[in-house]
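Reading through the structure tokens given below for one structure.
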Amino acid sequence: MIQVVWFKRDLRLKDHAPLTEAARRGPVLPLYVFEPSVMSGPDFSGQHAGFARECLTELDAALRERGVPLVVRQAEMPKLLARLLREAGPFDLWSHEETGNGITHERDRRVRRWCREHGIIWTELPQHGVFRGLADRDRWSRLWDERMTQPCARPPRRIEAAPLALQASAGLLFPEPPGIGLADIPGRQRGGRTRGLELLSTFLDGRGRDYRHAMSSPLSAQSACSRLSAHLAYGSLSMRETVQAAWQERTALLALPAAARPAGMLASLKSFEARLHWHCHFIQKLESEPGIEWRNMHRGFDGLRDGPPDPGRLEGWARGETGYPLVDACMRMLAHTGWINFRMRAMLVSFASYQLWLHWREPALHLARLFLDYEPGIHYPQVQMQSGTTGINTVRMYNPVKQARDQDPDGVFVRRWLPELARVPTPWIFEPWTMPSEMQRQSGCVIGRSYPAPLVDNAAAMRAARDRVWSVKTRPETRDEAQRVYEKHGSRAPNREGRQRSRARAPEAPVQASLFPPDG
């Protein structure tokens, strides 16, 4: 019987259990489908399709070396499966589990229903450290460790190709994404497993030495961060091989005399490993409660920011025209590259939620389109956390002027992305509206003409937001609901002895064949 392997966000051969298992059972049809319903979604953009195309091109080459081409089509999945059934008769369907957005969640329900109605066995195997049907979070850390220590699935050396007309006419049919407002971004990262492995190698070989301390500033984060987040989101690298590479590298460093260890590398590896753990922790939230893509995690905050967003504020924020230089520079870098470091992401969401008092949903969708590494399970819980609607996290309101002084003290980053401020003297670079009129003319930055005036008064807006949020947080019923949220989604302190035992069992793997990932 033909084995159809449905590639989703797992565009690799190594540690791809569905492919490994399918190849043992019969001729294989490797399939990737660009689905119009997904590409027309409000969180999809051209750069997502572009990165996927590059990953798929490399995946196709790797599959052909093993005897079978990749088939790429544009269709809704149930209709394509019906065509396969007519052409080939009964088949088995294989894929990884996916914790995606509401569109892919509903799509999977339709595929599952279609398979039941037509007698097709669909086997979904887990990837990442995310668990279906998890009743509570009490055992999650231990389960994560156990899954990460399992050996990576080895790719088949040879794969028997399914002799289908669909496959014979193969070729990689890459459609233009329909109905989306963003074209591909020329400045984004390139996709493909080879590039992911190269990033991992340079990170482990020393590029990540300053990761722990350099990840916060947009000046240093672009090179100090791993930059593997997009590769993890599209699955050109697997989480397990990445975690195991981190463990292996740490073990190798600990075997060296203390004086021979690269300064700062162990501390950076510790931070990096923690972020890999949190990657799955956040996706587990969406897996356990898909509705947090649309509604507040803590229902006590319903009504806090409801109603249509202020269009002027939303558009000014989205275009990088808020009048606050660091906010605008970050947004313009995002529009050009599809990436910004985590602290700046948090600041963008915080500014939209508190100073501009926008409901998190529309800013979340805009950022989803801009983030090349958009991962729904990380994105929506993080946006809600930064917006103060989880009820279990500390409310953090980022002051964009203070952040600019802390993270870009000389205004280098701001001037790079806001050329209209290039000649503004450093003392005024983060609050250009405070410049005297003559200074504005001399610097070529007249507020309200060359560069916008602030959309809001920062101090007054933060004060008003704090009062509104705390008026909800202090209610007794809010505290009761927060306990429910914590029981469902809160992190639990792992058993450290158990974690050390698990790491000790991590399989040895050659560095060049493993990977590493995180915060970008």
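The values are calculated or read from the model by the stated rules, or taken from the named source; none is laboratory data. Everything numeric in this text was worked out from a predicted model, so none of it was measured. FYI the Cβ positions are ideal-geometry reconstructions off the backbone, even for glycines, and counts take in every protein chain you see.
Data overview
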| item | result |
| --- | --- |
| Any hit, segment 103-126, residues being in a helix (DSSP H, G or I), exposed (fewer than 15 other Cβ atoms within 10 Å of the Cβ) and under 22 Å from the mean Cα position of the chain (by Cα) | yes |
| The lone exception for ARG227 - which of (1) under 20 Å from the mean Cα position of the chain (by Cα); (2) over 16 Å from CYS55 (Cβ atoms) it fails | (2) |
| Residue match in segment 355-365 (condition: of a type in the set (Asp, Glu) and surrounded by fewer than 22 Cβ atoms within 10 Å (Cβ to Cβ)) | yes |
| Filter result for GLU293 (closer than 30 Å to GLY133 by Cα, buried (at least 19 other Cβ atoms within 10 Å of the Cβ) and acidic (Asp, Glu)) | yes |
| Of all residues making up segment 304-349, the number that are among the β-branched types (Val, Ile, Thr) and farther than 21 Å from LEU372 by Cβ | 1 |
| Close pairs (8 angstrom Cβ cut-off, 6 or more residues apart or separate chains): touching a residue at least 24 places away in the same chain (Cβ under 8 Å) and in a helix (DSSP H, G or I) in segment 273-289, surrounded by fewer than 21 Cβ atoms within 10 Å (Cβ to Cβ) and not hydrophobic (A, V, I, L, M, F, W, C) anywhere | GLU273/ARG250; HIS281/SER491; GLN284/ARG137; GLU287/ARG132; SER288/LYS488 |
| Failed criterion for THR474 (all others in (1) crowded, with 16+ Cβ neighbours inside 10 Å; (2) β-branched (Val, Ile, Thr); (3) out of contact with any Asp or Glu (no Cβ under 7 Å at 6 or more places or on another chain) hold) | (1) |
| Test: residue in segment 156-168 that is farther than 30 Å from PRO126 by Cα and at pLDDT below 95 | yes |
| Candidate set: segment 77-102, residues that are crowded, with 16+ Cβ neighbours inside 10 Å and acidic (Asp, Glu); chosen: the one farthest from the chain's Cα centre (by Cα) | ASP92 |
| Evaluation of LEU182 against (1) at pLDDT below 95; (2) among the aliphatic types (A, V, I, L, M); (3) more than 22 Å from TYR374 (Cβ to Cβ) (one fails), failing number | (3) |
| Residue check for MET347: under 21 Å from LYS473 (Cβ atoms), in contact (Cβ under 8 Å) with a residue 24 or more places away in the chain, surrounded by 19 or more Cβ atoms within 10 Å (Cβ to Cβ) and not assigned by TED's automatic domain parsing to the domain that holds PHE44 | no |
| Hits in segment 390-420 (condition: within 18 Å of GLY320 (Cα to Cα) and not in a helix (DSSP H, G or I)) | TYR398, ASN399, ASP408, GLY411, LEU418 |
| Matching option when the condition is under 16 Å from GLY490 (Cα atoms), assigned by TED's automatic domain parsing to the domain that holds THR389 and crowded, with 17+ Cβ neighbours inside 10 Å, among HIS298, HIS281 | HIS298 |
| Conditions (1) surrounded by fewer than 19 Cβ atoms within 10 Å (Cβ to Cβ); (2) under 20 Å from GLY187 (Cα atoms); (3) touching a residue at least 40 places away in the same chain (Cβ under 8 Å); number of the one not met by CYS225 | (1) |
| In segment 245-267, the residues that are of a type outside the set (A, V, I, L, M), under 21 Å from HIS213 (Cβ atoms), surrounded by 14 or more Cβ atoms within 10 Å (Cβ to Cβ) and touching a residue at least 40 places away in the same chain (Cβ under 8 Å) | GLU249, GLY264 |
| Residue satisfying all of: in segment 453-469; more than 25 Å from TRP433 (Cα to Cα) and touching a residue at least 60 places away in the same chain (Cβ under 8 Å); surrounded by the fewest Cβ atoms within 10 Å (Cβ to Cβ) among these | ARG468 |
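Matching residues to (1) in the same structural domain as PHE51 (by TED's automatic domain parsing); (2) farther than 17 Å from SER201 by Cβ; (3) part of a loop (DSSP other than H, G, I, E, B):
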site: SER236; (1), (2), (3): no, no, yes
site: ARG240; (1), (2), (3): no, yes, no
site: ALA245; (1), (2), (3): no, no, no
site: GLU249; (1), (2), (3): no, no, no
site: LEU253; (1), (2), (3): no, no, no
site: LEU256; (1), (2), (3): no, yes, yes
site: ALA263; (1), (2), (3): no, yes, yes
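Residue-wise test of (1) modelled with pLDDT of 95 or more; (2) surrounded by 21 or more Cβ atoms within 10 Å (Cβ to Cβ); (3) farther than 16 Å from ARG369 by Cβ.
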| position | (1), (2), (3) |
| --- | --- |
| PRO18 | yes, yes, yes |
| ALA22 | yes, yes, yes |
| PRO36 | no, no, yes |
| SER40 | no, no, no |
| ASP43 | yes, yes, no |
| LEU56 | yes, yes, yes |
| LEU63 | yes, yes, yes |
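So that you can scan it fast, the table gives a plain yes or no per residue for (1) at pLDDT below 95; (2) within 30 Å of VAL446 (Cβ to Cβ):
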residue	(1), (2)
ALA263	yes, no
GLU287	no, no
ARG332	no, yes
ARG345	no, no
TYR354	no, yes
